[in-house]
Amino acid sequence: MSRAMPQPSGRGRPSDPDIETRILSSALDLYGELGWARLNLDIIARHAKVGKAALYRRWTTKEQIMSDALRSSKRTVLDFDTGTLRGDLIAIGHVTVEQLLGKHGSVRMRAMIDAKIYPELFEGEIADFRSESIAGGREIIFRAIERGEISKGTSPALILDAVAGTIEHHYLMTPMSKIKEFEAGSDTYVELVVDLVLAGLKSQPGSNDE
């Protein structure tokens with residue numbers, strides 16, 4: 001009588017449901033720390049504590065993995081309705097500060113610079129980020145126009161750039177030894193920036209205060 005061959009149990013190394021999230025998070029960590037030139041897949045695999053084979057099954061170049069990593073870190077669309085334009089812009093300013101001081105705060109700033117140097121790498125991702133930000137900002141500006149706070153035709157992109165861009169520039173110009181002071185004074189600074197932007201809007205020809 002022939003003996004029946006044992007059937008495979010189906011047991012093997014269990015799949016890791018968080019492996020892709022961990023790899024993408026590691027890619028962002030290392031990109032923010034090392035920059036584009038020093039980044040490679042082997043370093044990412046070690047940092048994420050995954051085998052090289054598992055990583056290479058999903059991505060074969062650092063361009064691919066960073067594209068996915070940047071898209072995974074998308075910001076929430078900025079759309080607040082506090083009842084006033086000043087309140088909405090202050091809320092956007094606070095979110096900007098929180099993102100800059102967050103875990104991957106330097107990543108987006110570095111990617112924006114690298115997109116100028118290597119436009120074939122991040123140009124699409126940066127364009128998507130900007131479009132999403134403007135989408136939320138557009139609703140804020142339209143509501144302010146309907147409330148009569150600002151004139152028709154006011155550019156959402158210009159206002160958002162003036163608020164978020166000024167805060168981002170201040171952050172970039174702050175030495176790392178002074179980051180705690182930047183954080184401690186951020187509420188006051190955001191309000192000063194917003195009030196300066198609003199004062200500029202009111203001084204424009206055709207503003208509703210004239």
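The values are calculated or read from the model by the stated rules, or taken from the named source; none is laboratory data. Just so it is clear, the structure is predicted and the values come from calculations on it, not from any experiment. Quick reminder, even Gly has a Cβ in these numbers, built from the backbone with ideal geometry, and neighbours come from all protein chains shown. Heads up: the accessible areas ignore ligands, DNA and RNA and are worked out on the full protein's heavy atoms, side chains in. Shrake-Rupley method; radii C 1.70, N 1.55, O 1.52, S 1.80 Å.
Numbers for the structure displayed
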item: Test: residue in segment 96-114 that is within 29 Å of Ser203 (Cα to Cα), assigned to a helix (DSSP H, G or I) and in contact (Cβ under 8 Å) with a residue 24 or more places away in the chain; result: yes
item: Answer residue from segment 92-106, given it is among the aliphatic types (A, V, I, L, M) and either open to solvent by less than 50 Å² (accessible area, probe 1.4 Å) or at pLDDT below 85 (or both) and is nearest to Trp36 (Cα to Cα) among those; result: Leu100
item: Filter pass, Leu89 being modelled with pLDDT of 90 or more and buried (at least 20 other Cβ atoms within 10 Å of the Cβ); result: yes
item: Answer from Phe129, Phe182 - the residue that is part of a helix (DSSP H, G or I), in contact with a Lys or Arg (Cβ under 8 Å, 6 or more places away or on another chain) and under 28 Å from Leu39 (Cβ atoms); result: Phe129
item: Total residues in segment 188-203, condition of a type in the set (Asp, Glu) and either outside any helix (DSSP H, G or I) or in contact with a Gly (Cβ under 9 Å, 6 or more places away or on another chain) (or both); result: 1
item: Residues within segment 21-73 that are among the polar types (S, T, N, Q) and either open to solvent by 60 Å² or more (accessible area, probe 1.4 Å) or over 19 Å from the mean Cα position of the chain (by Cα) (or both), tallied; result: 6
item: Scope segment 107-135; condition of a type in the set (Ser, Thr, Tyr) and open to solvent by less than 50 Å² (accessible area, probe 1.4 Å); matching residues; result: Ser133
item: Failed criterion for Gly83 (all others in (1) touching a helix residue (DSSP H, G or I) at 6+ places or on another chain (Cβ under 7 Å); (2) open to solvent by 30 Å² or more (accessible area, probe 1.4 Å); (3) of a type in the set (Gly, Ala, Ser) hold); result: (1)
item: Test result for Ser133, modelled with pLDDT of 90 or more and not aliphatic (A, V, I, L, M); result: no
item: Every residue from segment 188-207 that is open to solvent by less than 80 Å² (accessible area, probe 1.4 Å) and modelled with pLDDT under 65; result: Gly206, Ser207
item: Residue in segment 136-157 that is open to solvent by 80 Å² or more (accessible area, probe 1.4 Å), in a loop (DSSP other than H, G, I, E, B) and touching a residue at least 40 places away in the same chain (Cβ under 8 Å) present; result: yes
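To keep it simple, each residue is scored yes or no on (1) farther than 16 Å from Ile92 by Cα; (2) more than 15 Å from the chain's Cα centre (by Cα); (3) among the aromatic types (Phe, Trp, Tyr).
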{"position": "Arg110", "(1), (2), (3)": "yes, no, no"}
{"position": "Asp128", "(1), (2), (3)": "yes, no, no"}
{"position": "Ile134", "(1), (2), (3)": "no, no, no"}
{"position": "Arg147", "(1), (2), (3)": "yes, yes, no"}
{"position": "Gly165", "(1), (2), (3)": "no, no, no"}
{"position": "Met173", "(1), (2), (3)": "yes, yes, no"}
{"position": "Leu192", "(1), (2), (3)": "no, yes, no"}
